[in-house]
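The block underneath contains the structure these notes are about, expressed in structure tokens.
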Amino acid sequence: KMTQQMRDLQLAQARKPPGPSSPNAAKRLYRNLSGKFRVNYTSFDEGSLAARGEKEKLRKSYLFQSNAALFEAVELQDLDRVQELLKQYSPEELDLNTPNSEGLLPLDIAIMTNNAPIARALLQAGAKESPHFVSLESRSLHLSTLVREAEQRVNELMAQVVNEAPNADCTEKEKQLKAWEWRYRLYKRMKAGFEHARVPDAPTNVHLSVASSSSVQVTFWEPLNVNSAVVTKYKVEWSCSPTFSPLLGEAVIDKLKNLHFTIRGLVSGTAYYVQVSAYNMKGWGPPQASVPPFAIPSNWREYDGRAPRRRGQAEALDHLLGQVKTVHQHCVCHEPCKNQPQSRKHSVSKSLKHLFHPSSKFLKTLKRGLYLTAIFYKDDNILVTHEDQIPVVEIDDTYSCLLMQDFLWFTKVSCMWDEILWLRQCVTVSQSSCSCILQTRFKMLLAISQMQGLLGIQDLGQVFFEPVKDKQGNILIVTLKEVKTNQTFESVRWVPICKLQTSRKSVSSPEEPTALDTLLISIQDKLAYHQRSSHALSPGLYLGYLKLCSAVDQIRVLVPEQLPNILCHVKIRSNPNISREEWEWLQKMASVEEPVPAEPEAETSQNHLFQELQVAIKELMTLVNIPLQEAKDFRLYSQEVLDFGGQVSLLLLLPPSDDVCTAPGQNNPYTPRSGFLTLPLQIFELGEDG
């Protein structure tokens with residue numbers, strides 16, 4: 001019985017040395033001792049246990065103290081301490097869901113004292129309510145027993161303190177009395193909290209949306225009034241009938257970090273009704289029907305039966321590449337070219353000898369020409385040669401003007417670092433009119449092979465979107481790669497970036513820096529670009545803004561600096577799916593020559609999308625610095641929804657036809673604020689595919 005445990009506690013404490021004098025300290029002493037009733041220590045044979053057993057014993061003791069500390073923090077309503085313990089230890093280490101000697105869990109104490117912040121913190125960590133409370137009656141009886149036994153213990157200790165003469169034992173009993181008085185007040189507060197609580201109100205903002213052709217998603221908020229008791233779980237129910245009879249299914253949500261649920265395995269084209277109810281220690285509250293009241297699983301592609309744009313493309317390209325490789329296995333291009341002019345043949349053979357010669361090294365200085373540099377970084381460190389130089393190899397010392405087409409070809413080659421040897425065998429140097437182009441590209445492949453051989457790694461990373469140039473005629477093609485593991489490289493070592501920048505002696509003037517100096521000065525910006533270009537959007541539906549500008553040899557696209565692998569955008573909602581009904585409404589809007597902003601019927605998915613689009617368009621126009629009144633001439637791209645892996649989708653907002661692409665020399669009246677850059681369209685496409 002509980003009373004017998006408390007008597008055992010008294011005897012155990014009587015044998016202890018005098019304890020702390022404060023009530024809180026006495027309470028902590030009680031907690032540490034009473035916790036022994038819920039911890040099962042294992043006896044060991046000290047002769048055979050040795051260091052391993054002692055270490056395990058110390059670990060268990062340490063975790064037990066953490067568990068006791070959590071109970072104490074909850075009882076004292078110390079939110080900061082609770083959060084600190086939950087961050088420091090895992091739920092398993094804290095025994096978060098193991099009842100104590102009173103049959104209580106930390107979450108029970110938090111909700112029965114109506115401490116909502118602590119209860120929410122515990123719930124997000126995975127805390128549960130005690131399994132002993134199978135009904136309202138059992139909880140009420142248990143609390144009454146705790147209050148009665150605590151009151152009885154207080155009376156017993158008070159009588160002993162009054163009747164005994166002052167001595168050391170009397171002082172110890174006074175401490176026990178204060179601790180039990182505090183616990184008696186705690187239990188009374190928990191009992192009063194339970195008696196005054198009522199079931200929670202219905203959840204608010206219950207919104208239903210179509211997640212796919214076979215699923216719907218419901219999101220909701222907490223009830224406005226929880227009636228003096230924290231909500232610990234929610235129930236989602238669904239049916240094909242508005243009366244919810246019969247019920248098709250239900251799900252209980254007890255992980256409350258995100259209040260949403262996706263109902264899967266539904267039939268496309270069938271209407272489903274959904275309602276949500278909340279639960280606290282007094283039971284389930286009334287259900288709240290969703291808005292809209294029902295949803296029909298579907299996808300925008302069902303509107304005209306369109307297949308995904310990229311379905312089978314990756315497989316087809318792999319198959320095509322395999323066919324090309326098969327054809328080239330016995331191709332004459334694998335044999336040395338015998339018809340080259342002597343000078344050209346000598347140049348190529350010299351390059352090959354240089355590549356495989358043991359003395360082949362990185363370059364220290366640049367002469368007029370085209371070069372390749374590879375930047376590998378890890379945290380704040382960068383790979384350099386033994387001479388503290390960024391790895392650089394020569395591509396062509398007679399090439400002083402990099403054509404955009406050659407650079408774009410190089411960026412495409414960067415998608416096939418593992419195939420460089422095969423590509424070198426396929427690119428032959430002929431005497432045709434385009435041999436100049438082939439010469440340059442062949443030298444690019446040689447330089448890549450040389451860099452891979454010197455570093456001892458094939459993957460050189462991502463090509464920076466523009467080469468680094470100087471006035472001396474040097475051009476640097478830059479590749480960037482972040483190293484996240486302890487990878488071994490040859491002929492190089494790690495140094496801090498700041499040390500490299502401060503220790504490097506510039507050989508150029510500040511007015512006319514060399515390409516290497518320019519690279520070193522701007523290296524932080526390039527690393528930041530590389531990291532940002534690998535970031536992914538969180539799942540959802542986005543509104544993107546397409547703006548192009550053309551030059552003599554390329555078309556560039558406007559992108560945000562913080563996420564350069566996607567168009568300028570704002571998030572419309574977390575659900576990426578566009579339903580058939582929503583797409584049908586968008587098609588009707590696009591077919592009207594003079595669209596009138598007439599709102600769809602209330603409480604429909606189309607109306608909700610209409611409101612979301614209004615907010616998103618205003619936000620996007622502000623982002624790209626375009627006056628809102630100009631948006632009336634903009635239009636939504638209505639041919640398709642751009643889909644990225646099923647988790648991210650994009651609706652395109654287009655300027656008027658004449659303004660989609662700014663011609664060379666044409667002024668753009670609305671210049672975006674800082675935080676944007678323009679990428680070559682082909683570079684953007686490669687980044688988007690990645």
Take the residues of region 263-298 that are among the β-branched types (Val, Ile, Thr) and within 21 Å of Trp583 (Cα to Cα): which is most open to solvent (accessible area, probe 1.4 Å)? Val267
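From the list Lys632, Lys618, which residue is modelled with pLDDT under 90, open to solvent by 70 Å² or more (accessible area, probe 1.4 Å) and either touching a Cys at 6+ places or on another chain (Cβ under 6 Å) or not in a loop (DSSP other than H, G, I, E, B) (or both)?
Numbers: Lys618 fails: modelled with pLDDT under 90.
Only one candidate qualifies: Lys632.
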Mind listing whichever residues of region 454-478 are small (Gly, Ala, Ser) and either modelled with pLDDT of 90 or more or within 17 Å of Met416 (Cβ to Cβ) (or both)? Gly461
Taking Ala598 and the conditions (1) at pLDDT 90 or above; (2) not in a strand (DSSP E or B), which numbered condition does it fall short on, given that it satisfies the others? (1)
Subset of region 221-233 [touching a Ser or Thr at 6+ places or on another chain (Cβ under 7 Å) and either open to solvent by less than 20 Å² (accessible area, probe 1.4 Å) or among the basic types (Lys, Arg) (or both)]: Pro223
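Checking the structure you have, find out if any residue of region 89-104 is of a type in the set (Gly, Ala, Ser), without any contact (Cβ under 8 Å) to a residue 60 or more places away in the chain, part of a helix (DSSP H, G or I) and open to solvent by less than 70 Å² (accessible area, probe 1.4 Å). Before the answer, list the steps.
Restricting attention to region 89-104, the residues satisfying the condition of being of a type in the set (Gly, Ala, Ser) are 90, 101, 103.
Subsequent filtering for residues that are without any contact (Cβ under 8 Å) to a residue 60 or more places away in the chain retains 90, 103.
Then drop every residue that is not part of a helix (DSSP H, G or I), which leaves none.
Within region 89-104 (the criterion being of a type in the set (Gly, Ala, Ser), without any contact (Cβ under 8 Å) to a residue 60 or more places away in the chain, part of a helix (DSSP H, G or I) and open to solvent by less than 70 Å² (accessible area, probe 1.4 Å)), the answer is no, since none of the residues qualifies.
Only one of these is open to solvent by less than 90 Å² (accessible area, probe 1.4 Å) and either small (Gly, Ala, Ser) or modelled with pLDDT of 85 or more (or both): Arg301, Arg344. Name it.
Details: Arg344 fails: either small (Gly, Ala, Ser) or modelled with pLDDT of 85 or more (or both).
None of the others qualify; the one that does is Arg301.
The values are calculated or read from the model by the stated rules, or taken from the named source; none is laboratory data. None of these values were measured; they are calculated from a predicted model. When we count neighbours, we look across all protein chains shown, and the Cβ atoms used for this are built from the backbone with ideal geometry, even at glycine. All accessible areas refer to the heavy atoms of the entire protein, side chains included, with ligands and DNA or RNA removed. Shrake-Rupley method; radii C 1.70, N 1.55, O 1.52, S 1.80 Å.
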